[in-house]
């Protein structure tokens, strides 16, 4: 787990806007799964010293943040006098505007598949959350089975494209939260009968860029239950 005491403190409505040090800025929230995607990307590409984290309290936002980004959502990246939003778009932006290991493939077949699977992350999340709220189990099972099948698409490693990529980043924060919640609320083990998914979870947890963003799972699931499930 990342050492919380060395991370920038979370800013709330009483906080002044931090002085500009001339670096690109990621406005983020340590417990938000969408923001976590971009944080993983920054870490994996080795950009921790090049991009400044500005953590926001989403329940008590600084008043000045609406001037930065009127919707006042995270994540957003401030770079070259622009504000770029949406987590998956930001992963692509990081890959095209900053140095470091690639998040997206050059191979056309892998690139097409990565687009398909990143879009499908919305379906996966929706089906799983619906089931947690009392919706049909079949939709969630189908979504998990599609992920298991997708993990068989390419050889070379345990990840969606064989090697770690933005596709893995798209899913990791949500699997991190939904796996324990499904066990707790529905007594459903997402890895049962899905050996590739089980291996993927184990291997993702070995990626330093991801591990550095992990938070206390009890805190994460508590927030997720309140915000998404109303529990």
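Listed values, structure above:
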read-out	value
Residues within region 25-57 that are out of contact with any helix residue (DSSP H, G or I) (no Cβ under 9 Å at 6 or more places or on another chain), assigned to a loop (DSSP other than H, G, I, E, B) and modelled with pLDDT of 95 or more, tallied	1
Test: residue in region 70-79 that is in a helix (DSSP H, G or I), in contact with a helix residue (DSSP H, G or I) (Cβ under 7 Å, 6 or more places away or on another chain) and not assigned by TED's automatic domain parsing to the domain that holds residue 146	no
Given (1) surrounded by fewer than 21 Cβ atoms within 10 Å (Cβ to Cβ); (2) in contact with a helix residue (DSSP H, G or I) (Cβ under 6 Å, 6 or more places away or on another chain); (3) at pLDDT 95 or above, index of the condition residue 141 fails	(2)
Pick from region 22-35, criterion free of Cβ contacts under 8 Å to residues at least 60 places away in the same chain and within 13 Å of the chain's Cα centre (by Cα), ranking: nearest to residue 103 (Cα to Cα)	35
First in region 108-122 and under 10 Å from residue 171 (Cα atoms) and assigned by TED's automatic domain parsing to the domain that holds residue 140, second anywhere and modelled with pLDDT under 95 and outside any helix (DSSP H, G or I), Cβ under 9 Å, 6 or more apart	117/153
Candidates 70, 33, 75, 19, filtered to the one that is out of contact with any strand residue (DSSP E or B) (no Cβ under 9 Å at 6 or more places or on another chain) and within 22 Å of residue 204 (Cβ to Cβ)	33
Subset tally (residues that are under 29 Å from residue 148 (Cα atoms), within 14 Å of the chain's Cα centre (by Cα) and outside any helix (DSSP H, G or I)) for region 80-121	2
Extreme residue, farthest from residue 15 (Cα to Cα), among residues of region 59-69 that are modelled with pLDDT of 95 or more and in a loop (DSSP other than H, G, I, E, B)	69
Single match in 152, 130 (criterion: in contact (Cβ under 8 Å) with a residue 24 or more places away in the chain and touching a helix residue (DSSP H, G or I) at 6+ places or on another chain (Cβ under 7 Å))	152
Selected residue [exposed (fewer than 13 other Cβ atoms within 10 Å of the Cβ) and touching a residue at least 12 places away in the same chain (Cβ under 8 Å)] from 55, 75, 71, 62	71
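Residue by residue, here is whether (1) without any contact (Cβ under 8 Å) to a residue 12 or more places away in the chain; (2) assigned by TED's automatic domain parsing to the domain that holds residue 121; (3) more than 21 Å from the chain's Cα centre (by Cα) holds:
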position: 9; (1), (2), (3): no, no, no
position: 20; (1), (2), (3): yes, no, yes
position: 37; (1), (2), (3): no, no, no
position: 41; (1), (2), (3): no, no, no
position: 45; (1), (2), (3): no, no, no
position: 49; (1), (2), (3): yes, no, no
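The values are calculated or read from the model by the stated rules, or taken from the named source; none is laboratory data. Source: prediction; values computed, not measured. Because the Cβ atoms are built from the backbone with ideal geometry, glycine has one as well, and the counts that use them run over all protein chains shown.
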